[in-house]
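Contents: one structure, followed by commentary.
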Amino acid sequence: MAGHLMDAGNALTIHSRTKSRADALIARGALWASTPAEVAAQCEVLFSMVSMPSDVESVHLGPNGTLSAQTLPSVIVDMTSSRPSLARQIYDAGAERGVASLDAPVTGGDIGARNATLSILVGGDPAAFDRVRSLLNLMGKTVILQGAAGSGQQAKVVNQILIAATMMGVCEALSYAKSSGLDPQRVLESVSAGAAGSWSLANLAPRILRGDFEPGFFIDHFLKDLAIAIEECRSAGIETPALALAHSLYRKASAASLGQRGTQALYLLYEQAQATLPR
């Protein structure tokens with residue numbers, strides 16, 4: 001995603017908790033900063049994407065966080081999937097220092113990031129959104145303002161609820177196709193073109209059939225998102241049995257040492273269960 005910004009001629013100052021992961025960008029001319037605050041002091045627009053809500057809080061509100069810098073960017077855009085309440089907290093803290101803040105989580109996985117076809121779900125003020133829309137368009141194909149601060153994260157909850165149920169369906173369907181003696185690839189070609197078609201079916205089911213369980217999105221990160229979704233739904237008084245089941249299954253997958261595999265590795269849990277069934 002940072003590479004797409006550079007491709008368009010933007011000068012980057014960057015920070016990563018593991019510096020070696022920034023080597024390729026530094027080789028292309030990006031400047032290194034040792035803390036998030038140092039990045040903030042040198043940027044007009046600042047983007048962040050980390051792992052967990054605790055990381056988001058540290059990066060922006062911590063002692064060396066972006067909002068501790070003496071000189072601040074005009075807009076901060078956090079693209080981590082995080083809690084809506086934390087997005088609002090960062091928004092309020094930024095406003096106290098005259099900085100606009102947007103929460104802008106993404107969906108589309110590693111494929112969308114590489115191909116700049118991500119869907120970007122934005123929450124915050126329209127003026128700040130208009131200021132950075134051209135930059136977001138360099139990273140994503142669908143960039144939509146959802147509403148006030150926190151709305152981007154709420155929209156990501158919607159996305160993860162949909163994916164949670166879909167991935168269970170993909171895994172169960174492929175498990176059935178295999179156990180029935182069908183050619184899973186041939187079935188996949190047929191059903192993908194019909195009403196059952198989805199992004200997960202088109203992009204992750206083929207990986208399952210190839211035995212490719214490398215992460216486009218880590219199970220442990222997805223588990224974090226599902227926990228946030230459950231919190232949000234409980235706060236809203238909404239019953240979500242499919243979400244609860246998906247959360248339970250992904251917890252089992254993580255406990256089975258699959259947490260650093262891709263979300264499609266849930267299929268391995270189904271395979272293990274099938275292997276223990278009496279024939």
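The values are calculated or read from the model by the stated rules, or taken from the named source; none is laboratory data. Model, not experiment: these values are computed from the prediction. All Cβ positions, glycine included, derive from the backbone under ideal geometry; neighbour counts span all protein chains shown.
Scan segment 10-34 for residues that are within 22 Å of D103 (Cβ to Cβ), more than 21 Å from the chain's Cα centre (by Cα) and in contact (Cβ under 8 Å) with a residue 24 or more places away in the chain and the total you get is 2. When segment 234-249 is limited to residues that are touching a residue at least 40 places away in the same chain (Cβ under 8 Å) and outside any loop (DSSP other than H, G, I, E, B), the one that is nearest to M52 (Cα to Cα) turns out to be H247.
So that you can scan it fast, the table gives a plain yes or no per residue for (1) of a type outside the set (D, E); (2) in the same structural domain as L249 (by TED's automatic domain parsing); (3) crowded, with 17+ Cβ neighbours inside 10 Å; (4) farther than 17 Å from V157 by Cα:
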site: P184; (1), (2), (3), (4): yes, yes, yes, yes
site: A193; (1), (2), (3), (4): yes, yes, no, yes
site: G197; (1), (2), (3), (4): yes, yes, no, yes
site: L201; (1), (2), (3), (4): yes, yes, yes, yes
site: R210; (1), (2), (3), (4): yes, yes, no, yes
site: F213; (1), (2), (3), (4): yes, yes, yes, yes
site: I219; (1), (2), (3), (4): yes, yes, yes, no
site: F222; (1), (2), (3), (4): yes, yes, yes, no
site: L226; (1), (2), (3), (4): yes, yes, yes, no
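Annotation: of all residues in segment 127-155 being over 19 Å from the mean Cα position of the chain (by Cα) and hydrophobic (A, V, I, L, M, F, W, C), the one that is farthest from T80 (Cα to Cα) is A127. The condition (being closer than 28 Å to R114 by Cβ and more than 17 Å from the chain's Cα centre (by Cα)) is satisfied by just one residue among L245, L268, L182: L268. Of the strands (runs of 3 or more DSSP E) contained entirely in segment 1-110, those carrying at least 3 residues that are farther than 27 Å from L204 by Cβ and at pLDDT 95 or above fall at 75-78, 100-103.
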